[in-house]
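Working notes, beginning with the structure itself.
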Amino acid sequence: MSTHAVCPGSFDPVTMGHVNIIERATQLFEQVTVLVTANPNKPSGLFSVEERKALIREALKDHENIRVEHWSGLLVEYTQNNGIDTIVKGLRSSLDYDYELPMAQMNRKLAGIDTVFLMTDPKYGYISSTLCKEVTKYGGDVSDMLPDAVNRAMQEKLR
């Protein structure tokens with residue numbers, strides 16, 4: 001039985017959609033590592049890696065079986081080095097599935113690690129970090145889409 005999972009992502013910033021997936025993963029696995037990763041297809045980001053880690057820790061502070069780390073190499077190397085046997089990814093739509101499936105298959109080929117896909121709660125299906133940053137930048141209210149500390153931090157950075 002799988003006991004340690006990783007939830008990787010750029011989390012710039014962590015949204016309520018991310019929080020929902022991570023919280024659900026904590027019910028399925030004894031230990032969950034939230035791994036802030038570098039995405040070569042995205043710019044450097046609004047928040048530094050350390051800020052992202054701190055915001056994730058704050059948003060998930062009530063969960064004892066969560067660890068927050070950073071990694072910039074191959075995800076499968078991290079999983080092998082840390083005794084992790086499952087990757088957990090959230091899917092908002094078929095577009096996410098089309099993007100995530102080849103990565104899951106490659107990770108399985110490279111390291112024999114399985115990926116578990118959790119469907120996003122429909123109330124969070126439209127939320128993305130990118131959209132939250134864009135709306136906040138132009139004065140819109142995304143307070144119900146982000147943990148409180150994240151919303152405050154993003155407003156400070158963008159306004």
| field | Cut-off 11 Å between beta-carbons: net charge of the residues surrounding Ile127, Lys and Arg +1, Asp and Glu -1 | value | 0
| query | Among the lysines, which have Cα under 16 Å from the Cα of Lys133 when same-chain residues fewer than 8 positions away are ignored? | reply | Lys42, Lys157
| By counting other Cβ atoms within 10 Å of each Cβ, how are Leu60, Leu74 ranked from fewest to most? | Leu74, Leu60
| task | Measure nothing but the geometry: give the 0 to 90° angle between the long axis through the Cα atoms of 49-59 and the longest principal axis through the Cα atoms of the chain, rounded to 10°. | result | 90
| remark: Assertion target for Lys89, Lys109, ordered by fewest C-beta neighbours within 10 angstrom first, is Lys109, Lys89
| message | Could you tell me the relative contact order of the chain? Use alpha-carbon pairs under 8 Å, at least six residues apart, and round to a whole percent. | response | 30
| request: Please find, in a Gaussian network model of the chain (springs between Cα atoms separated by less than 10 Å), the residue of Val76, Val135, Val19 whose mean-square fluctuation is greatest. | output: Val135
| task | Given the options Tyr138, Tyr97, Tyr124, state which has the largest fluctuation in a GNM of the chain using a 10 Å cut-off (strictly under) for Cα springs. | result | Tyr138
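Which value, in debye to the nearest 20, describes the size of the charge dipole of the range 4-158 about its Cα centre when Lys and Arg Cβ atoms bear +1, Asp and Glu Cβ atoms bear -1, and nothing else is charged?
Using only the charged Cβ atoms, the result is roughly 260 debye.
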| query | Counting other Cβ atoms within 10 Å of each Cβ, which GluC sites (Glu not before Pro) in the range 1-103 have at most 13 and sit in a DSSP loop? | reply | Glu30, Glu64
| message | What whole-number distance in Å separates the alpha-carbon centres of the range 44-70 and the range 79-96? | response | 17
| query | Using the alpha-carbon centroid of each, what span in Å lies between the range 142-159 and the range 117-141? | reply | 12
| remark: Taking the chain and counting helices only, DSSP H stretches of n ≥ 4 at -39,500 (n - 2.57) each over all residues, the nearest-500 ellipticity at 222 nm comes to -13500 deg cm²/dmol
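All of the numbers you see were taken from the coordinates with simple rules; none came from a lab. Keep in mind it's a predicted model, so treat the numbers as computed, not measured. Counting neighbours? That spans all protein chains shown, and the Cβs are built from the backbone with ideal geometry, glycine included.
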